[in-house]
1. List the residue pairs whose Cβ atoms are under 6 Å apart, where the first residue sits in region 237-254 and is more than 19 Å from residue 128 (Cα to Cα), the second is within 12 Å of the ligand (Cβ to nearest atom) and part of a helix (DSSP H, G or I), and the two are 6 or more positions apart or on different chains.
2. Could you list, in sequence order, all residues of region 206-221 that are under 16 Å from residue 179 (Cβ atoms), in contact with a helix residue (DSSP H, G or I) (Cβ under 8 Å, 6 or more places away or on another chain) and more than 8 Å from the ligand (Cβ to nearest atom)?
3. Check 191, 130 and return the single one that is more than 30 Å from residue 85 (Cα to Cα) and within 18 Å of the chain's Cα centre (by Cα).
4. Tell me yes or no: at least one residue of region 44-51 is crowded, with 20+ Cβ neighbours inside 10 Å, over 30 Å from residue 149 (Cβ atoms), out of contact with any strand residue (DSSP E or B) (no Cβ under 8 Å at 6 or more places or on another chain) and at pLDDT 95 or above.
5. What pairs can you find where one residue is in region 1-30 and touching a residue at least 12 places away in the same chain (Cβ under 8 Å) and under 18 Å from residue 220 (Cα atoms), the other is within 16 Å of the ligand (Cβ to nearest atom) and assigned to a loop (DSSP other than H, G, I, E, B), and their Cβ atoms are less than 6 Å apart, with a gap of 6+ or different chains?
6. In region 174-187, which residues are within 15 Å of the ligand (Cβ to nearest atom), at pLDDT 95 or above and touching a helix residue (DSSP H, G or I) at 6+ places or on another chain (Cβ under 6 Å)?
7. Mind listing whichever residues of region 14-29 are more than 12 Å from residue 65 (Cβ to Cβ) and within 19 Å of the chain's Cα centre (by Cα)?
8. Cβ-Cβ under 8 Å, sequence separation 6+ or interchain: first residue in region 61-80 and at pLDDT below 95, partner surrounded by 20 or more Cβ atoms within 10 Å (Cβ to Cβ) and not in a strand (DSSP E or B). Which pairs?
Ligand code: 13P
């Protein structure tokens, strides 16, 4: 973390978990336990149908609500899809774009990620852009090229003055839901690489202002060490964000 230049953001990505009633119960409990921490911003990325309940429950707390996906078009014949404008109207502030599960199971590409990033920004939503390599790609020693390409294409046609709205999340696929975390050094190295790609395109001032999270089996035990890395400005947390106490512990780790 480097709080002098950028916000630390701790975001829970619930994936396909929790009903609207469970969402309300979670946020009510979270509010009671959150304390007056203000070193980090707290975000919850919830399923579409949970958004109204989440926004309502989080209204009097400093917790922003995010969607986990969106379509890039404004409207039209796209059965099952949701637009940025629809999310915005519900009070959504952030949207996860290009999560590896969406790339893997729903055929998202770097190009569709770029279209979604642009549509999110046009509608005042802050994209959390996910990038990361598979185990095969890491073993083939192509991690750096792959991440560089993912970041460059995601940022195609994005102006420097929009960059402060963007958050990146480095999520090595081999660390997601596996209990296998990247070492703090590995996380720091790739988050640093992402920042260097941003620096090459937009300059040092812009690069140092962008929040770059780590995601992949982050939990109350390893969070502090990961967040101690200068270029790791927060977490995108799956499994450990489903339990209030674990999520709070990670938030507290960012307050050290
Ligand atoms: P886990 O924390 O469950 O490994 O999930 C990470 C993730 O994919 C967050 O987006």
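1. What qualifies is 246/240; 253/223.
2. Result: 214, 220.
3. Working: 130 fails: more than 30 Å from residue 85 (Cα to Cα).
Of the residues listed, the single one that is more than 30 Å from residue 85 (Cα to Cα) and within 18 Å of the chain's Cα centre (by Cα) is 191.
4. yes
5. These pairs meet every condition: 1/233; 8/233; 8/254; 10/254; 13/238; 14/46.
6. Result: 187, single match.
7. If the condition is that a residue be more than 12 Å from residue 65 (Cβ to Cβ) and within 19 Å of the chain's Cα centre (by Cα), then 15, 16, 17, 18 are the ones that fit.
8. 61/27; 61/30
The values are calculated or read from the model by the stated rules, or taken from the named source; none is laboratory data. The shown structure was predicted, so the numbers you read here are calculated from the model rather than taken from an experiment. Every residue, glycine as well, gets a Cβ built from its backbone with ideal geometry; the counts of neighbours run over all protein chains shown.
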